[in-house]
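Data first, discussion second: the structure below is written as structure tokens.
No lab work stands behind these numbers, since they all come straight from the coordinates. Note that the coordinates shown come from a computational prediction; the quantities given were computed from them, not determined experimentally. We place every Cβ from the backbone using ideal geometry, glycine too, and count neighbours over all the protein chains shown.
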Amino acid sequence: METKQGRDTGATGIDDPWYDVLASGWGELDGAGIPATPSPLGAGCPQAHRRAADVYLEVQRSAAFQEVRSRYRRFVVPASLAFFVWYVAYVVAATAAPGLMARTVAGAVNVAMLAGLGQFLTTFLLTWAYARHARLCRDRAALDLRWTVFDRTRGEEPTRDAGAERGSGR
């Protein structure tokens with residue numbers, strides 16, 4: 001955080017690209033103490049807009065970005081297909097094999113109830129697995145890419161190792 005200079009010396013500003021409200025200009029005060037409304041990206045400064053677009057395209061073409069996208073796809077595509085097949089199998093079994101689904105397992109619990117509860121359990125397990133995969137395999141690399149974009153769009157080239165200084169706080 002940095003301390004703003006001027007009339008309101010007690011106010012602090014957040015210098016964090018993750019804090020989108022202040023990064024976009026919303027919620028900041030103009031000189032008269034009235035909340036400022038930011039202009040659209042690139043309005044009045046087409047050169048800055050072009051430069052930011054070039055940075056985003058450069059990062060999108062980078063090997064680091066492609067690796068993050070690849071890791072995402074390697075998890076999401078098979079997991080989505082497996083869950084879809086499991087869901088369709090449940091629906092087909094419920095409509096095509098009512099005798100099988102009505103078979104009693106224990107007391108009033110039948111195969112259909114177990115399969116329906118299995119859908120919920122599968123959803124929770126898949127959500128947990130996705131969050132774990134994201135945290136372990138993609139979050140750090142994605143944060144490094146975001147800092148790279150933030151540094152380059154602010155006119156600075158990153159001069160330090162992408163994760164060395166920022167990632168040391170974890």
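Given axes a ≥ b ≥ c from the Cα gyration tensor, I'd like to know whether the range 93-149 is rounded (a/c under 1.5), prolate (a/b larger than b/c) or oblate. Could you put the intermediate results ahead of the total?
Details: a/c = 7.66, a/b = 3.92, b/c = 1.95.
Prolate, because a/c is 1.5 or more and a/b exceeds b/c.
Length available on full extension from ARG140 to ALA102: 0.36 nm per residue minus the Cα-Cα distance, which gives 8.9 nm.
Applying 1/(1 + (r/R0)^6) with R0 = 22 Å to the Cβ-Cβ distance of ARG74 and GLN119 gives a FRET efficiency near 0.35. Placing a label point 7 Å from the Cα of ALA93 along the Cα-to-Cβ direction, the residues of the range 108-146 with a backbone N closer than 11 Å are 111-119.
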